[in-house]
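Take a look at the structure set out below.
Readers should treat all values here as calculations from the given coordinates under stated rules, not as data from a laboratory. Note that this is a predicted model, so its numbers are computed, not measured. A quick note on method: Cβ atoms are made from the backbone with ideal geometry, for glycine too, and the neighbour counts reach across all protein chains shown.
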Amino acid sequence: MDSANIRQELCKYAQKIVAAHLVVGPGGNISASHDGKMYLSPSGFALDEILPEQWVEVDIAAGTITDNGLRPSSEVLMHLYAYRANPCIGAVVHTHPPNCIAFTLVEQELPIMFPDQAALVGRTDYVPYVLPTTDRLADAVTAKVGIASSILLGNHGLVTTGRNLREAYYRTEVVEESAKIFLTASAVREPKVLTDEEVDEIASLESEAYRIQLLQKMK
Ligand SMILES: [Zn+2]
């Protein structure tokens with residue numbers, strides 16, 4: 001995998017994000033890291049319009065931008081701080097999924113409700129509303145990236161991380177589906193969620209093999 005592959009991968013997942021209605025218009029921003037650099041969506045583009053050479057290269061340690069004539073996404077600090085805070089992170093996906101946003105208007109803690117959610121995502125964290133594009137948002141998200149791979153942003157959207165784009169992207173899909181299921185069930189009565197024991201059982205039960213199987217199914 002070199003930076004040219006990363007740029008192609010970013011285009012692929014950017015298109016999937018738009019096709020899955022996880023953002024509208026020029027909303028959302030995604031990045032992936034490679035060899036001490038992160039590649040981030042440029043400001044002012046719809047994600048599915050970005051060409052491979054238009055992803056903006058930023059040095060993670062120094063914060064310096066390689067000039068390609070485009071400005072990085074306004075959430076550049078959130079991405080940069082996430083990679084600095086947790087070196088296991090290989091990709092950051094920030095979207096505005098409608099069911100996630102709806103969920104944050106009425107709830108904060110997304111419970112674990114079904115096995116795929118437990119295996120692929122685990123616990124989802126929550127950050128109350130702060131003004132987008134500020135270092136307050138970047139700091140609030142950074143404080144969570146070591147504990148959770150998915151973070152709901154109140155009245156705003158979702159951030160997921162992963163070892164690679166594929167993992168971060170599928171976590172976004174699963175969290176959005178989870179929020180939808182929660183809201184659907186809640187319209188009838190209080191949802192029955194998985195107990196801590198049931199979640200632990202999934203985590204311990206050949207968890208890695210199970211997760212790999214799921215990821216392969218989702219190809
Ligand atoms: Zn946003």
Share antiparallel - DSSP beta bridges, segment 3-215, percent rounded to 5: 85
Calculated FRET efficiency for the pair residue 49/residue 155, C-beta based, R₀ 41 Å, to 0.05: 0.95
Most mobile listed residue (161, 104, 172) in the chain, GNM with C-alpha springs under 10 Å: 104
Net charge of neighbours whose Cβ lies under 11 Å from the Cβ of residue 153, counting Lys and Arg as +1 and Asp and Glu as -1: -1
Rg over Rh, two decimals, segment 1-97 (C-alpha only, Kirkwood Rh): 0.93
Kirkwood-based Rg to Rh ratio, the chain, C-alpha trace: 0.96
Ranking of 60, 17 by count of other Cβ atoms within 10 Å, fewest first: 60, 17
Residue of 41, 33, 74 that the Gaussian network model of the chain assigns the largest fluctuation, springs spanning Cα pairs under 10 Å: 74
Helix-only [θ]222 nm of the chain, DSSP H runs n ≥ 4, -39500 (n - 2.57) each, per residue, nearest 500: -13000 deg cm²/dmol
Max mean-square fluctuation residue, GNM over the chain, Cα-Cα springs under 10 Å, options 139, 59, 67: 67
